[in-house]
Amino acid sequence: MNKKILIVDDDPRNIFALRLTLKAKGYQVISCTMGQEAISILEEDQDISVVLMDMMMPEMDGYEAIRIIRNKESIKQVPIIAVTAQAMSDDRQKCLDAGADNYITKPIDVDQLITAVEKLF
């Protein structure tokens, strides 16, 4: 498989759980805790297949990070799945409007996550 996934989340527990789940499915996983760091990683590593972007982070939230990624020619094509604890009726559309390719809510359903990731390959 050898697909590489970037997890962006300010909570190390979420990163840990997602890393275990994705590695068990055969994915390579890298992670960071801030939006700006994610942008830098994407610019340096052209092998990232999918980004799992937490929407609620300090300094730069996921919405802003996604908008910046979508405006950078070299990385705008990387698929992004918005991950959020927010489950209000308009949150999905807000994520898609920011440029996310898909949206999943926390707590994450593993089957839903894997299906969402695999649809983007």
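Values for this structure:
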{"item": "HN-Hα J in Hz across segment 61-71 - Karplus 6.51, -1.76, 1.60, θ = phi - 60°, x for Gly and Pro", "result": "6, x, 4, 5, 4, 4, 4, 5, 4, 5, 9"}
{"item": "Backbone N within segment 102-121 under 17 Å of label point (7 Å from Lys94 Cα along the Cβ vector)", "result": "102-107"}
{"item": "Max mean-square fluctuation residue, GNM over the chain, Cα-Cα springs under 10 Å, options Gly62, Gly26, Gly35", "result": "Gly26"}
{"item": "Choice from Asp90, Asp47, Asp101 with maximal GNM fluctuation in the chain (Cα, 10 Å cutoff)", "result": "Asp90"}
{"item": "Point-to-point label distance, Asp109-Ile30, nm (Cα→Cβ direction, 7 Å offset)", "result": "3.1"}
{"item": "Dipole magnitude of the chain about its Cα centre (Cβ charges: Lys, Arg +1; Asp, Glu -1), debye to nearest 20", "result": "380"}
{"item": "Contour excess over end-to-end distance, with Cα ends at Ser40 and Asp11 and 0.36 nm allotted per residue", "result": "8.5 nm"}
{"item": "Reachable lysines, given that their alpha-carbon falls under 21 Å from the alpha-carbon of Lys4 and they are not under 8 places away in the same chain", "result": "Lys23, Lys25, Lys72, Lys76, Lys119"}
{"item": "Within the chain, helix-based [θ] at 222 nm, where runs of 4 or more DSSP H residues each add -39,500 (n - 2.57), nearest 500", "result": "-12000 deg cm²/dmol"}
{"item": "Percent accessible area from carbon and sulfur atoms, segment 33-121, protein chains only, probe 1.4 Å", "result": "46"}
{"item": "Convex hull of segment 1-59 built on C-alpha atoms - directionally averaged projected area, nm²", "result": "3.7"}
{"item": "Accessible area expressed per residue, segment 1-77, with surrounding protein chains retained (probe 1.4 Å, Å²)", "result": "52"}
{"item": "P(r), alpha carbons of the chain - 10 Å bins starting at zero, rounded %", "result": "14, 53, 31, 2"}
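The values are calculated or read from the model by the stated rules, or taken from the named source; none is laboratory data. Quantities reported herein were computed from a predicted structural model and do not represent experimental measurements. Quick reminder, even Gly has a Cβ in these numbers, built from the backbone with ideal geometry, and neighbours come from all protein chains shown. The area values use the complete protein model at the heavy-atom level, side chains included, leaving out ligands, DNA and RNA. Shrake-Rupley method; radii C 1.70, N 1.55, O 1.52, S 1.80 Å.
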